[in-house]
Structure formats: C-alpha cells, structure tokens
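The values are calculated or read from the model by the stated rules, or taken from the named source; none is laboratory data. Everything quoted here is computed from the prediction, not taken from an experiment. Positions of Cβ are generated from backbone atoms using ideal geometry, with glycine treated the same way; all protein chains shown enter the neighbour counts. Quick note on the areas: whole protein, heavy atoms, side chains included, nothing else; ligands and nucleic acids left out. Shrake-Rupley method; radii C 1.70, N 1.55, O 1.52, S 1.80 Å.
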Amino acid sequence: MPFKKYILGFLFAFSLFGFSQPTLSSKSKISILTVGTADELYAKFGHSAIRVQDPTLGIDVVYNYGHFDFNTPNFYVKFTQGKLLYSLARESFSGFLYGYELENRWVREQDLQLTLAERNDFLKFLENNHLPENRFYKYDFLFDNCSTRIPDALKTVLGNKLKFEYNHLENQYTFRELIHQNLEVNSWSNFGIDLALGSVIDKKATPWEHLFLPIYVYKQLPYATLNGKKLISNDTILLKETPVKKEHNFFLSPLFWLSLIGILVCLMTLKDYKTKKRSRYLDFTLFLITGLAGILIVFLWFGTDHQATAKNFNFLWTFPLNTFIAFIVFKKSITPKWMIPYLIVLLVCIFIAMLLWLLKVQIFSILIIPIVLALVVRYSFLIYSLRSARVH
C-alpha cells in the first residue's frame, strides 16, 4: 500500500504540472489556513491560504496567493508604483507549515464541508488559476490580496449556494481602524502607514471589505452556509506560537524622537527670538524634510496605482513646495517679498489639515502633533522676524 500511495502521489504531481486534471477521492479534504501575525511589517496582518489533501492520492499541497519574486526587474520601483505582480504558488504543506514554525506564528485550519463534486470543482478552479497565464495578479493591500482571494474563490466555485452572514460583526470599522488593530500606536510602522495612506481609507468598510484581513476571513467562515448548512465542519490548531516577552524601548519610539525634535525646534526658535537672529540651518532642514515628505505623498497619490494612497491630505502640513523654499531660507537674508504671504499660506494649510482631522475627513497620526506644533511656532517666528526686519 505505501508503494502504491507514493506512485499515485507522483502521478498526481506529474499531472499537476501540465497534464490531465486528477480526480480527488472521497477521502479528500479542502481547508482554509490562517496564519497569525508577527513583529515584521510584512507579517503584521497575518496570512491566508488554501490546503488540498487526499491521502488516497498521497497529496498534501497549499495554494498560496501571497507570493512575489524579489528578482523581478525594477522590483522596488514596481512595488512603490503599485505595479508589482503577486502570484498563486503551489507548495507542499509541510514546507508551508515549517516556514511559520520558524517564524513562531500560529496556524489554524478550517475544514470546508464540500461534496466530492464541489471539491473537484474547487481544485479545477485552483489549477486553472495556477496556469502561467493566470497565476499573476496586481496586488492591492485593501481590495485584492491573499486574504480577499479566499472568499472570492469560494464565491466563484460555489456560486449562490454560498451565503455569508454578518450578524456576528458587533462594529463596522473604517479601513484605517482595521489596519490600526494590528499596529501599536507608538510605532514607526503605524506612523509611516498613517503618513502614506490617504483619506480613502477613512470610509467605513462594508462587512465584505473587512475580509481584506485574514483574521476577519477566519472569523467570517463559521458564519457562512452552503445550501443552508454550515460551511465549516472543523477548526484545528496546527501550530501554536511560543509566548515571547516583548521589550518596548520608549527612547527608540517615534513619540520620543518626534517630541524631542519638536522641543528642540521650539527652544531654538525661542533663542532666535531673544537674540534677534535666525538659525538658517534649522530652517533649511525643516523646509527640506517637510518638502520631500510632501513630494512623496503627492507622488503616492498621483504617480502610483495604489488605491489606498489617494486623497492624502498630509501634504497640507508637509507641503511639497518647501523643498525649493529650503534653498531660499538657507540664505543669510530672505529677500523675496512673497515670503511672508507664503508662510501665511503654510499656516492656513496646517489649519485646514487640522480641520479635516476634526471633521474626520482624514484621520492623521497623533504622532504628528509635536512636529505640527513646532512648524506653527517656527513659521510664526519667521513671519514676525521678516516683518520686523522690513520695518527697520
């Protein structure tokens, strides 16, 4: 029997790579795998995949929509532009599980109650997706990822026989709130994500749209029915994570460093006010950094295919034009007459940004407060300084 099992397994694997579609036996099983989170940013939101088993054929494989190739030409450019292609990969279950064991992440398995015909239809769908001409797709963090592909596949294969009930959702969150559930407030990842993503993620996500996070797919499946019966027959823990004590160093956190920068800017501005001088290196640094940040935000909005980076009003307090103004304020004497109106515009833009925050048009990171206050202080001082110089 073992020899026969391995021969059948070999034939199945052989057929998967380009020949006839195998027929699953009555002992086959299809399940959904959900992987827990980890500290690295790429692992902060978990993972989902599909497992196909058939002990009669000796197969145990995972269909994983989360693969991408680091060797892709212009990898980082395509990633930044939102043009990087992800793909459906087929891998052994043992290799899949071992990888997450090394990363100390939990893995749970939910068995699908499918008929043999439905299982074979599902496998046919996955194999068709895995064809070279079909396996690649343009990844979108919110609307097309390894998690959203799971309910999409179920809906495609099972059609109207499959029903999702959402009564278990006590609250309906915005996309930003859903993202924040996986991040610490005082973290560089949280700060960076809030800076890069626009107001489009501050709308309420529909129950279906909650499924862009693997944990919500995991929680949703027990409330799905197929022909009036529960879709999930069993929920098994395959891997447990080992508790690890996390050390938080406040002195490495964004709150510490952004507050320190804000305080230093205010203290240097106070010194400039008392000595009636201007620290032009400080002005150059502030204008250059805020300007470059503003250019990046505008680029992510208009120059990429990322949907989540659109309508980002962080540009109002970072302000792209500051990049060029930095070289004007670096001079010992600021001569352009339009400089005071420009500084007033900067203050008005900051006020508009704060108003948009108050009205919940866009939720900004609370970590920007020290920097925004410092900018208001510095811009106000520059207006005062320039007016005083022109009076004299």
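Counting the residues of region 96-146 that are more than 20 Å from Tyr86 (Cβ to Cβ), touching a helix residue (DSSP H, G or I) at 6+ places or on another chain (Cβ under 9 Å) and among the hydrophobic types (A, V, I, L, M, F, W, C) gives 5.
Please verify whether Leu316 is under 22 Å from Ile201 (Cα atoms), at pLDDT 95 or above and out of contact with any strand residue (DSSP E or B) (no Cβ under 8 Å at 6 or more places or on another chain), treating the condition exactly as stated. Walk me through it before giving the result.
Details: under 22 Å from Ile201 (Cα atoms): yes; at pLDDT 95 or above: yes; out of contact with any strand residue (DSSP E or B) (no Cβ under 8 Å at 6 or more places or on another chain): yes.
Yes, satisfied.
Of the residues making up region 161-173, at least one is closer than 21 Å to His47 by Cβ, outside any strand (DSSP E or B), touching a residue at least 24 places away in the same chain (Cβ under 8 Å) and open to solvent by 60 Å² or more (accessible area, probe 1.4 Å). Within region 228-240, residues that are closer than 17 Å to Arg105 by Cβ have Cβ atoms under 6 Å from residues that are among the hydrophobic types (A, V, I, L, M, F, W, C) and surrounded by 13 or more Cβ atoms within 10 Å (Cβ to Cβ) in these pairs: Leu238/Val107; Leu239/Trp106; Leu239/Val107; Lys240/Trp106, counting only partners at least 6 apart in sequence or on another chain. Whether any residue in region 268-288 is within 24 Å of the chain's Cα centre (by Cα) and within 23 Å of Gly198 (Cα to Cα) is what I want to check. Scanning region 268-288, I find no residue that is within 24 Å of the chain's Cα centre (by Cα) and within 23 Å of Gly198 (Cα to Cα), so the answer is no.
Phe12 meets all of the listed conditions (1) crowded, with 18+ Cβ neighbours inside 10 Å; (2) at pLDDT 65 or above but one, namely (2).
Taken over region 78-106, the residue count meeting the criterion of being closer than 15 Å to Tyr139 by Cβ and open to solvent by 30 Å² or more (accessible area, probe 1.4 Å) is 6.
When the test is whether a residue is of a type outside the set (Lys, Arg), outside any strand (DSSP E or B) and surrounded by 15 or more Cβ atoms within 10 Å (Cβ to Cβ), Val244 does not pass it. Annotation note: of Ile201, Ile215, the sole residue that is under 24 Å from Asp152 (Cα atoms), open to solvent by 40 Å² or more (accessible area, probe 1.4 Å), among the aliphatic types (A, V, I, L, M) and outside any strand (DSSP E or B) is Ile215. Annotation: Asp54 fulfils all but one of (1) over 21 Å from Gly99 (Cβ atoms); (2) modelled with pLDDT of 90 or more; (3) open to solvent by 10 Å² or more (accessible area, probe 1.4 Å); the unmet one is (3).
Only one of these is touching a residue at least 60 places away in the same chain (Cβ under 8 Å), open to solvent by less than 30 Å² (accessible area, probe 1.4 Å) and under 25 Å from the mean Cα position of the chain (by Cα): Leu382, Leu375, Leu367, Leu356. Name it. Steps first, please.
On the way: Leu382 fails: under 25 Å from the mean Cα position of the chain (by Cα); Leu375 fails: under 25 Å from the mean Cα position of the chain (by Cα); Leu356 fails: open to solvent by less than 30 Å² (accessible area, probe 1.4 Å).
From the options Leu382, Leu375, Leu367, Leu356, the qualifying one is Leu367.
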